[in-house]
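Each remark here refers to the structure printed beneath this line.
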Amino acid sequence: MTEMNQQERERLERQREGDRRFFVRLFGFLAGLFVVGLVAVVYVLASNGLGSSEGSNVQPTATQASTTTETQAAPTETQAAQPPVGPGRDLFASTCGACHTLAAAGTTGTVGPNLDDLKPDQATVRAAIQSGPGAMPANLLTGAQAQQVAAFVAASAGR
C-alpha cells in the first residue's frame with residue numbers, strides 16, 4: 001500500500017514538473033511575441049513619419065503672405081521649380097502614394113496612373129477623388145483634405 005502511494009506521489013510530481021515546464025515555455029513564447037509586436041508597432045510608426053517635424057511647418061496667414069511677397073524680390077528659377085509643400089503633399093503621400101507616382105511627393109506607386117506623366121488639373125483630380133475611377137475607392141478624401149490634395153497634385157505634377 002505504501003509502495004502504491006509512493007508511486008502515485010512520484011507520478012503526480014512528474015506531472016507537476018511537466019506542467020511547470022509547459023507554463024514556463026508558454027510564458028517565454030508570449031513574452032517573445034509581445035516584444036516582436038512592440039517592435040512592429042515602433043517600425044510602423046517610424047515608417048509613417050510620426051514623430052518627425054516634417055509636417056509641423058506653419059503656413060503664413062493671408063496678410064503675412066501678402067506683406068512678405070511685396071518685400072521680396074521675384075523668385076529665382078530654382079525657387080519657382082520647387083513643388084509646393086504643405087498638408088496636400090503629406091496627405092497625398094500617406095493616402096495616395098502607395099498607388100500613384102508623383103515625384104514632388106516622393107512616391108513611386110504603380111497601381112494607378114503616373115501623375116507626373118498625366119499632369120491633371122485640379123478639377124480632374126477632385127473628380128477622381130470623388131468618383132474613384134478603376135480600382136481607386138470613391139471618396140478616399142473629402143472636403144478640405146480632397147481640395148488640398150487636388151491643389152498639390154495640379155501644382156506639382158510633371159515638375
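The values are calculated or read from the model by the stated rules, or taken from the named source; none is laboratory data. Keep in mind that what you see is a predicted model, and the values were worked out from it rather than measured. Note that each Cβ is placed from the backbone with ideal geometry, even for glycine, and that neighbours are counted across all protein chains shown. All accessible areas refer to the heavy atoms of the entire protein, side chains included, with ligands and DNA or RNA removed. Shrake-Rupley method; radii C 1.70, N 1.55, O 1.52, S 1.80 Å.
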Using a Förster distance of 35 Å, the FRET efficiency for Leu33-Arg9 (Cβ separation, nearest 0.05):
0.45
HN-Hα J couplings of segment 23-40 from phi, Karplus 6.51/-1.76/1.60, θ = phi - 60°, integer Hz, Gly and Pro as x?
5, 5, 5, 4, 4, x, 4, 5, 5, x, 4, 4, 5, 4, x, 5, 4, 4
Keeping every protein chain present and rolling a 1.4 Å probe, give me the accessible area per residue for segment 111-159 in Å².
56 Å²
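If you count only protein heavy atoms with a 1.4 Å probe, what accessible area per residue comes out for segment 1-46, rounded to a whole Å²?
Roughly 98 Å² per residue, with all protein chains present.
If you roll a 1.4 angstrom probe over the protein chains with everything in place, what fraction of the accessible area of segment 117-159 belongs to carbon and sulfur, to the nearest %? Write out the running numbers ahead of the final one.
On the way: 1270 of 2430 Å².
Accessible surface attributable to carbon and sulfur in segment 117-159 totals 52 percent.
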